[in-house]
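Peer 1: Dropping the structure in here first, questions after.
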Amino acid sequence: MSKRISIHGQWSSRLMFVLAATGSAVGLGNVWKFPYMTGDNGGGAFILVYLLCLALVGIPIMMGEVLIGRRGRQCPVNSLQTLSIEAGASRAWGWLGWAGMLAGLIILSYYSVIAGWTLAYLMRMVAGAFERVTAEGASSIFTQLVTDPERLLAWHTIFMVMTIKVVSRGVGNGLEKAARILMPCLFLLLLIVLVYAARTGDFSQAYAYLFDSDFSSLTLSGVLSAMGHAFFSLSLGLGVMLMYGSYLPQGVSIARTSVLVGLLDLVVALLVGLAIFSLMFANDLAAGEGPGLIFQTLPIAFGQLPGGMLFGALFFLLLVFAAWTSSIALIEPLVAWLVENREIDRIRAAIWSGIVAWLLGIVTILSFSSWSFSFNFAGVLKRHGLFDVLDIAISSIILPLGGLGMALFVGWVLPRESVLDELGGSARIGFKIWYFIIRFITPAAMLLIFLRAIGVL
Ligand code: PHE
């Protein structure tokens, strides 16, 4: 079979794919969620489990998604449909692409609101709002922001326009250019913040907190959340990596690049964690603050340290870049689908997709003020109404099911020869292990996360 090409273009090199895919993977999940999850679940023990999850679930599925994409060379819906027809299977596999595309849109709607907070915090740092701030002061700045729908809407709008602007320019001038510029800046910012944290903060305590294994505080629920997070952090289950794979030049090793992207994502999460906890511990702040860590506790630390406002601003700039390269990935499958199936140009496709995500974002905005309600989920009190409902539905149910679907498609629907061909053509031991994992281990793991999410486990 002759190899297809994508009508949208392709990455100009392997490095560009690595930068773009890492850009999608490194996001709010790494900077905001991973550090406090690690702290809550026994530090080093959690990290060991997370590494296992990357190896057994994350990277194998990433390889699978990239492989489907490069074989199909279209948006997730069309790639899955084309390949299943060729394999003599049901076209219904296209639904997997649909579900991912819609889930991506929903994630983007709230991701953009939170990214808007980071823009607002960047401005507040620049303005010196946190200089010598007290705990009450920091928490009132946060509450004022999130309970002011108009302000949130303004930041959300700005962020969405930034996203649409990049995506409307296409693969080469948009996505690739953003990755080429923003990712090196992000790495540089991370380095600067890390050095600052090491010099002014308590590095050794942070190191111990993250890497001393304490298996006693690791529970089954901790293990399963490591698995779920590996998944979210690597942007899997939605077809985003599939989409990025469809722009991957032929001949680039899917296995090696996927491992590299997975490791980069992990390294960024660990370094961010080290920086954040060094700053917190130097100021005697508690680490187990959950979601409030970045927006309520960390600014207090910056407010007390020399040069804190400048480095705080750099930290939030880093977060803006990380969120930006993830949000363009979230919207790309829908934009590509519109271009392929509705024959409209990319600029219109990007604008329409952006408008829908923007409108949906209003639900999240109001979830922090007039529409807020509380409920209990898995023993935890959730206070932000529909925002929490969406977040739970997506990350605990849709993503694992999406991952299950991708694993089954690669492991059981695609002919073994096609899979082998796409991965480089030799059925060596590495391939055999991966193929076994994707057929048996990964589906079982996905099912576990799903059963836990719906309360059966
Ligand atoms: N991986 C991103 C993060 O860690 C989130 C994301 C999920 C981005 C799915 C794209 C697709 O924040």
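Peer 1: Going through region 284-303 one residue at a time, which ones are among the charged types (D, E, K, R) and either at pLDDT below 80 or crowded, with 19+ Cβ neighbours inside 10 Å (or both)? Walk me through how you get there before you give the answer.
Peer 2: First, the residues of region 284-303 that are among the charged types (D, E, K, R): 284, 289.
The one that is among the charged types (D, E, K, R) and either at pLDDT below 80 or crowded, with 19+ Cβ neighbours inside 10 Å (or both): GLU289.
Peer 1: Let me ask something else about it. Please find, among ILE351, ILE328, ILE344, the residue that is within 27 Å of LEU242 (Cβ to Cβ), out of contact with any strand residue (DSSP E or B) (no Cβ under 8 Å at 6 or more places or on another chain) and not in a helix (DSSP H, G or I).
Peer 2: Working: ILE351 fails: not in a helix (DSSP H, G or I); ILE328 fails: not in a helix (DSSP H, G or I).
Answer to the check: ILE344.
Peer 1: Could you check LEU242 against (1) modelled with pLDDT under 95; (2) surrounded by 19 or more Cβ atoms within 10 Å (Cβ to Cβ) and say which number it fails?
Peer 2: Only one criterion in (1) modelled with pLDDT under 95; (2) surrounded by 19 or more Cβ atoms within 10 Å (Cβ to Cβ) is unmet by LEU242, namely (1).
Every residue, every condition in (1) over 18 Å from VAL31 (Cβ atoms); (2) surrounded by 15 or more Cβ atoms within 10 Å (Cβ to Cβ); (3) among the aromatic types (Phe, Trp, Tyr), yes or no:
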residue	(1), (2), (3)
ILE107	no, yes, no
VAL113	no, yes, no
PHE130	no, yes, yes
GLY137	yes, yes, no
GLN144	yes, no, no
THR147	yes, no, no
TRP155	no, yes, yes
ILE164	yes, yes, no
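Peer 1: Separate question: Are there any helices (runs of 4 or more DSSP H) wholly within region 211-285 with 1 or more residues that are within 14 Å of the ligand (Cβ to nearest atom), polar (S, T, N, Q) and closer than 24 Å to MET101 by Cβ, and if so which?
Peer 2: Passing ranges, in order: 220-233.
Peer 1: On the basis of being at pLDDT 90 or above and in contact with a helix residue (DSSP H, G or I) (Cβ under 9 Å, 6 or more places away or on another chain), does TRP352 make the cut?
Peer 2: On the way: at pLDDT 90 or above: yes; in contact with a helix residue (DSSP H, G or I) (Cβ under 9 Å, 6 or more places away or on another chain): yes.
Yes, satisfied.
Peer 1: If you don't mind, another one. Hey, could you check region 406-457 for residues that are touching a residue at least 40 places away in the same chain (Cβ under 8 Å) and not in a helix (DSSP H, G or I) and say which is surrounded by the most Cβ atoms within 10 Å (Cβ to Cβ)?
Peer 2: Only one residue tops the list, namely LEU414.
Peer 1: Also, quick follow-up: Inspect all residues belonging to region 143-155 and state whether any of them is in contact (Cβ under 8 Å) with a residue 12 or more places away in the chain, outside any helix (DSSP H, G or I) and within 20 Å of GLN296 (Cβ to Cβ).
Peer 2: yes
For (1) in a helix (DSSP H, G or I); (2) in contact (Cβ under 8 Å) with a residue 60 or more places away in the chain; (3) within 13 Å of the ligand (Cβ to nearest atom); (4) touching a Leu at 6+ places or on another chain (Cβ under 9 Å), each residue gets a yes or a no:
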site: GLN81; (1), (2), (3), (4): yes, no, no, no
site: SER84; (1), (2), (3), (4): yes, yes, no, yes
site: LEU108; (1), (2), (3), (4): yes, yes, yes, yes
site: LEU122; (1), (2), (3), (4): yes, yes, no, yes
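Peer 1: Out of the residues in region 90-106 that are without any contact (Cβ under 8 Å) to a residue 24 or more places away in the chain and part of a helix (DSSP H, G or I), state the one that is farthest from the chain's Cα centre (by Cα). Walk me through it before giving the result.
Peer 2: The initial filter retains those residues of region 90-106 that are without any contact (Cβ under 8 Å) to a residue 24 or more places away in the chain, namely 90-92, 94-95, 98, 102.
So of that shortlist, the ones also part of a helix (DSSP H, G or I) come out as 91-92, 94-95, 98, 102.
Working: ARG91: 29, ALA92: 27, GLY94: 23, TRP95: 22, TRP98: 19, LEU102: 16 Å.
If we take residues in region 90-106 being without any contact (Cβ under 8 Å) to a residue 24 or more places away in the chain and part of a helix (DSSP H, G or I), then ARG91 is farthest from the chain's Cα centre (by Cα).
Peer 1: Pick from region 356-388 the residues that are in a helix (DSSP H, G or I) and not hydrophobic (A, V, I, L, M, F, W, C): which of them is nearest to SER225 (Cα to Cα)? Break it down into steps so the answer makes sense when it comes.
Peer 2: Taking region 356-388 first, the residues in a helix (DSSP H, G or I) are 356-367, 385-388.
Retained after the next criterion (residues that are not hydrophobic (A, V, I, L, M, F, W, C)): 361, 364, 367, 385, 388.
Details: GLY361: 26, THR364: 23, SER367: 24, GLY385: 21, ASP388: 16 Å.
Looking at residues that are in a helix (DSSP H, G or I) and not hydrophobic (A, V, I, L, M, F, W, C), I get ASP388.
The values are calculated or read from the model by the stated rules, or taken from the named source; none is laboratory data. Given the structure is predicted, the values throughout are model-derived calculations rather than measurements. Methodologically, a virtual Cβ is constructed for each residue, glycine included, from the backbone with ideal geometry; neighbour enumeration extends over all protein chains shown.
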